[in-house]
1. Restrict the check to segment 67-84 and report whether at least one residue is of a type in the set (Phe, Trp, Tyr), modelled with pLDDT of 95 or more and closer than 18 Å to LEU18 by Cβ.
2. For SER103, work out the one condition from (1) more than 22 Å from ALA119 (Cβ to Cβ); (2) in contact with a helix residue (DSSP H, G or I) (Cβ under 8 Å, 6 or more places away or on another chain) it doesn't fulfil.
3. Scan segment 6-33 for residues that are in contact (Cβ under 8 Å) with a residue 40 or more places away in the chain and under 14 Å from the mean Cα position of the chain (by Cα) and jot them down.
4. For segment 53-66, what are the residues that are buried (at least 18 other Cβ atoms within 10 Å of the Cβ) and either at pLDDT below 90 or closer than 11 Å to VAL132 by Cβ (or both)?
5. Could you tell me how many of the residues in segment 29-47 are small (Gly, Ala, Ser) and surrounded by fewer than 18 Cβ atoms within 10 Å (Cβ to Cβ)?
6. Which numbered condition in (1) more than 12 Å from TYR31 (Cβ to Cβ); (2) more than 11 Å from the chain's Cα centre (by Cα) is the only one that THR77 fails?
Amino acid sequence: MLKQANPDVEARLIYRALFGGTIPDILARRYRQAAHQLDRTAEASELAAVAHLIDQNADLEAAELAGRLTGRLSLLTRKFAAMTYLAETLPDHQRYFVTHRSSLVAGVMVLGWNGLLTAVKLAHGLWLLRSVRRG
């Protein structure tokens, strides 16, 4: 039997990785529909890899980053993109996509800090991909 992740758990974990907090019901419903379409076109190995990461309660953000940069786990990358596109349509989520302040110094500091966090996430994600390869 093909191992797949529970779409409700998947939606909740991807949303939390991207935005924190609890996923709105409308977004969860829309995501389930999009994920179903993505799963239909995915290879069994990718479905199993995503299910494995979710079962392990892994850091999906780290796994997606490492997968995107190494060319692996394209299904997880497409699912993160789908969640992002869907979330962008909700008025309450505009704060994640549009800034209303402008400061060069603050921008440089935020970029530097986030660059450091990205490097840490990438290292963790590469470690997670090792477990997918073995698991």
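1. Yes: one or more hits.
2. For SER103, the exception is condition (2).
3. Result: VAL9, GLU10, ALA11, LEU13, ILE14, TYR15, ALA17, LEU18, PHE19, TYR31.
4. Matches in segment 53-66: LEU53, ALA58, ALA63, ALA66.
5. 2
6. Result: THR77 fails condition (2) only.
One line per residue, one yes/no per condition, for (1) crowded, with 18+ Cβ neighbours inside 10 Å; (2) over 30 Å from TRP127 (Cβ atoms); (3) modelled with pLDDT under 95:
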{"position": "ILE14", "(1), (2), (3)": "yes, no, no"}
{"position": "ILE23", "(1), (2), (3)": "yes, no, no"}
{"position": "VAL50", "(1), (2), (3)": "yes, no, yes"}
{"position": "ARG95", "(1), (2), (3)": "no, yes, yes"}
{"position": "SER102", "(1), (2), (3)": "no, yes, yes"}
{"position": "MET109", "(1), (2), (3)": "no, no, yes"}
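The values are calculated or read from the model by the stated rules, or taken from the named source; none is laboratory data. The model shown is predicted, which means the values in this text are computed figures rather than measured ones. No Cβ is skipped: glycine too gets one built from the backbone with ideal geometry, and neighbour counts run over all protein chains shown.
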